[in-house]
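Beneath this line is the structure, given in structure tokens, with notes to follow.
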């Protein structure tokens, strides 16, 4: 008969294993049947019984080489109580007993027969004895000693033939009696069928269990499973590590004894809180008990309230852990609980990594502070203040006329800060209606309003987490949203539309405006508390007319950057710059750098051809020449005055005090509007008023 090799390490785990255990005559029947199943299972023959059989099988069971044990009688019952694998019993049915009685009466007619059965006698057979005309006596046994006493008792009562298991037949022969083996070939075949099928199913279940345990063991998330009585069933190494415990060497990976009771805090300790004075690592407790004690309050809370614990932050073993405690429901009934824990610091790192890796490519700051072209004192001051602000996370307010490069400075501050490499999100507060601004900035949950995106949508503050959000035209933000923005700046958390709880964000805010926020506060159009929250670090960008020395080098830089786009050779670039040189020196540049860039693009298109005649009438193409100053003493023509008035630009070189007071009166005291009308910056306006 095929047998396992004696070495457990060399056992073939491919097919399920069945151990055939018999002390005596059952072994010959097993050897007769076993070859029929040799292709489906591997067999191990054990010619021991009781304690000796358990000792011989235990190593194979622990190694997973034996899935099922096949035995009979009291030996099988003993193995069933002392082994962790299923034990299939060779069962004796009524036909086996009647067949044995028939063989005995035919072979030894008239001789009294003794029947030895396991555990109980057959009362039905006793009732049939008179009808069978057989002198039949029965005895039951549960141990080898009881088998011997049963045979001796039957012999003393005059029985000459013993029908029973192999051990009873051996004792009968030693006493000089005849015997008939009780078990039939059919009973053994039936037991083989059940054992082989059970071994196949057990091997499949064990394979799935090992696979699941291997997967769970390699999870970075701690996992512990408890049965319905609160006893620990399984735990992975990550859980032990997160709880600060040592993995038990004697317990298989991902599997612990079910006999460990659920530990917990004393009754006077509030639910969900373990006593801080008791360390998790206790030499007097085994590891499963320490695990149960650590998470016991969570299990009790889940059981009492019949609600799962979802992503709760708990302090366990001196560490901040994200805890989930979820009931296990099988066929509609609760059968246990699974507890998972995750290191909060690891979750934060993963969150930052995800936000960075999934960030859209357009959420990147492309410009540096060195991209500010010019060497004027006003621009140097902007660079100095920007670098100082970049070294800190304080909110920055950029002011200045439209087109002065506020977003470029915001990107430069971001790239000069420790947040470089993280998201840079720009949003124009004047670009969308009030309802859409709220959804864009703060996000919404699914179903928060009609037309809300399925699954919800993160707001720009969430997208900018760990980075910078640039709020352009902050002065145009609706009054109803100013309070929500103020709360974000104060609490550093955002509440999505339709959400039940706030989401913390780590965002550096840079705001920009071309309007006088202080004047808006005086008018009641802008919240004073929001203004003072934004106006922590203020940087005013000077208009081009206040740094005329920077216009020519800036124009050369912009033109060279767009030369490839317009196909301009170097000679054509010089021709364009020469043609526009008068504007560089005298034009007021109400549109600032944006206007300069557009003018250069127009000149590159119309003057890029060498055949172009710069002397032709180009007033229609370049009306800027008609609006610039023509006299160094500040005098203007009627056409220039009309053009300047239409564009809000005063072309006088140095306004007098009377001009300043008149402009302030016409603008209703709005200094920003007055400075634009005078064609000077607010700094110049303040200086003139002071003087």
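All of the numbers you see were taken from the coordinates with simple rules; none came from a lab. Every value quoted in this text rests on a predicted model; they were computed, and no experiment measured them. Every residue, glycine among them, receives a Cβ derived from its backbone with ideal geometry; neighbour counts consider all protein chains shown.
Observations on the structure shown:
- Approximating the spin labels as points 7 Å out from Cα along Cα→Cβ, the residue 103-to-residue 522 distance works out to 12.0 nm.
- Relative packing of 596-604, 368-376, 232-240, which averages over residues the other C-beta atoms within 10 Å, highest first: 232-240, 596-604, 368-376
- In plain terms, the chain from residue 387 to residue 402 could stretch by 3.2 nm, reckoned as 0.36 nm per residue minus the Cα-Cα distance.
- Centre separation in Å (Cα based) which lies between segment 286-305 and segment 468-504: 41
- For segment 62-119: rounded, prolate or oblate by the Cα gyration tensor [a/c cutoff 1.5]: prolate
- Prolate/oblate/rounded call for segment 34-133, Cα gyration tensor, a/c under 1.5 rounded: prolate
- Here segment 540-582 and segment 386-447 have alpha carbon centers that stand 28 Å from each other.
- Prolate/oblate/rounded call for segment 400-529, Cα gyration tensor, a/c under 1.5 rounded: oblate
- Order of 24, 207 - criterion: other Cβ atoms within 10 Å of each residue's Cβ, fewest first: 207, 24
- For segment 61-123 versus segment 166-229, the spacing of their alpha-carbon centroids is 16 Å.
- Per-residue Cβ neighbour counts within 10 Å put 424, 622 in the sequence 622, 424, beginning with the fewest.
- Within segment 372-542, percent of DSSP bridges classed antiparallel, to nearest 5: 20
- The residues 529, 51, 343, when put in order of fewest to most other Cβ atoms within 10 Å, stand as 51, 529, 343.
- The modelled label-to-label distance between residue 209 and residue 535, using points 7 Å beyond Cα along the C-beta direction, is 7.3 nm.
- The orientation-averaged shadow of the Cα convex hull for segment 94-182, equal to a quarter of the hull surface, comes to 5.0 nm².
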